[in-house]
1. Between T217 and E123, what FRET efficiency follows from the Cβ-Cβ distance if R0 is 45 Å, with the result rounded to 0.05?
2. Run down the lysines and flag those whose C-alpha is under 18 Å from the C-alpha of K52, throwing out any fewer than 8 positions away in its chain.
3. How big is the antiparallel share of DSSP beta bridges in the range 75-223, given as a percent to the nearest 5?
4. Explain nothing, just the number: dipole magnitude of the chain about its Cα centre with +1 on each Lys and Arg Cβ and -1 on each Asp and Glu Cβ, in debye rounded to the nearest 20.
5. As an exercise, use a Förster radius of 35 Å and the Cβ-Cβ distance of V174 and Q44 to find the FRET efficiency, rounded to the nearest 0.05.
6. I need the trypsin sites (Lys or Arg not before Pro) found in the range 46-82, filtered to DSSP loop residues with at most 14 other beta carbons within 10 Å of theirs.
7. What Kirkwood hydrodynamic radius do you get for the range 38-106 when you take the inverse of the mean 1/r over all pairs of distinct Cα atoms, in Å?
8. Using a ≥ b ≥ c from the Cα gyration tensor of the range 71-170 (square roots of the eigenvalues), is it rounded, prolate or oblate, where a/c under 1.5 gives rounded and otherwise the larger of a/b and b/c decides, a/b for prolate?
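Only the coordinates and a few stated rules stand behind these numbers; no lab work does. Treat the numbers as computed from the prediction; the structure is a model and nothing was measured. Cβ sites come from the backbone with ideal geometry, for glycine too, and all protein chains shown count toward neighbours.
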Amino acid sequence: MSSAAYMSGIEEQLLRDGYALVPDVLTDEGCAALLAALVQEQRQGEAGSEMKRRDAVYALRNLLDSAAVRELAQSAAIRALVEPILGPGCFAVRGILFDKTPDANWKVIWHQDLSIAVTEKREHPGFGPWSEKAGVVHVQPPVAVLERMLTVRLHLDACGANNGPLRVLAGSHVAGRFDATQIQQRRVEGTEVACLSPRGGALLMRPLILHASSQATEPAHRRVIHLEWAVEELPTGLQWQNRVGVE
Ligand SMILES: O=C(O)CCC(=O)C(=O)O
């Protein structure tokens, strides 16, 4: 199958289900090299902000501070996933590394990704509430902004059913923002899918899809580079915190 035909299948699935799995985005060597670069940058304090539980790092926020991750976001392999969906002008706007380990074996309840990272707080109709995460201003934009975004979650470790995979409710991305009651209702009615991935595979998802993850039953590293993408500027006065596109 040509890569255009393959990507049109992915696009169709994203439209219908709000997510799609792509098994072979990076090679084993590519994952190992990226991890080595991240470890090195982390030692030098250049891989974003460490989030810890007790002493265990479970996430790196502000991951686009990492030169290795910016290079990844500009690579042909990643842009080949995002460009057909968002268009050639797309850019990465936020990065987070999520990990689960025996010492930091966490879970998250069903939710949608509603916040974006911006350079500074500037009131604008439809934008709010505001918050701060790891020193960066975040805001909930109107649903229309989130509907035009895409998240790529690149798996640096294989993620099986016992490794606390992300679970999604297929098709839940098309009805805007849900309150807690609507989330419960969706869970009763919806189809839950565990997003398993080989090392080097990626999950593409719309930020508005309902998702959750459980603690790993066999905890081992589950490192995922989570990159959010947009293609449009924010309204006057507001700016994306990051804007990693092609130069
Ligand atoms: O990686 C996970 O299991 C959950 C991540 C998450 O909560 C999110 O992407 O909003």
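1. 0.50
2. K100, K107, K133
3. Of the beta bridges lying entirely in the range 75-223, close to 100 percent run antiparallel.
4. For the chain, the charge dipole is close to 540 debye.
5. Taking R0 as 35 Å, the efficiency between V174 and Q44 is 0.25.
6. Hits after loop and neighbour filter: R54.
7. 13.2 Å is the Kirkwood radius here.
8. Note, shape of the range 71-170 comes out oblate.
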